[in-house]
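What follows is a set of notes on a single structure, which appears directly below.
None of the figures in this text is laboratory data; all of them are computed from the coordinates on show. In this text, all values refer to a predicted model and were calculated from it rather than measured experimentally. We place every Cβ from the backbone using ideal geometry, glycine too, and count neighbours over all the protein chains shown.
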Amino acid sequence: MASQIPEHAQILVVGGGPSGSYTASALSREGLNVVLLEAAQFPRYHIGESLIPSVPTWFIDAEQKLVEMGFKHKPGAAIKFNQFKREGYTDFVALGHTNSSWNVVRSTFDKMLLDHANPAEQRCLNKRV
């Protein structure tokens, strides 16, 4: 990660979580001069580990990295909204064998996305501003 905040950038992204990492990746790959600022040191603890099938569409060439990390493959999900209702099930792969997702460790997943969003030509800073 870079150590100095640059004086100029076309795009400044604040936050290196999944949304910030995605935004920085997409804009950088379009040839824009992107600087991403993140206050926390990654990996950092974060709640949320169950991805849905639409998530891989915004990985921007990072899906193979996710597969290689060995996260648990998830072909469907069970959802229970409260204790008085029966759970509902959804079968992701019913729409095709590639329509599935993963259960991830968020700290590891978020760091993978941030590292993926930080190629040599892009500047990513861990600083409080």
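Measuring between their Cα centroids, region 65-91 and region 1-57 lie 26 Å from each other. At an R0 of 30 angstrom, the distance between the Cβ atoms of Ile11 and Arg86 translates into a FRET efficiency of 0.05. The charge dipole of region 1-118, taken about the Cα centre with unit charges on the Cβ atoms of Lys, Arg (+1) and Asp, Glu (-1), comes to about 520 debye, rounded to the nearest 20. Taking one equal scatterer on every alpha-carbon of region 22-102, how large is log10 of I(q)/I(0) by Debye at q = 0.14, 0.16, 0.25 1/Å? The Cα Debye sum returns log10 ratios of -0.70, -0.85, -1.27.
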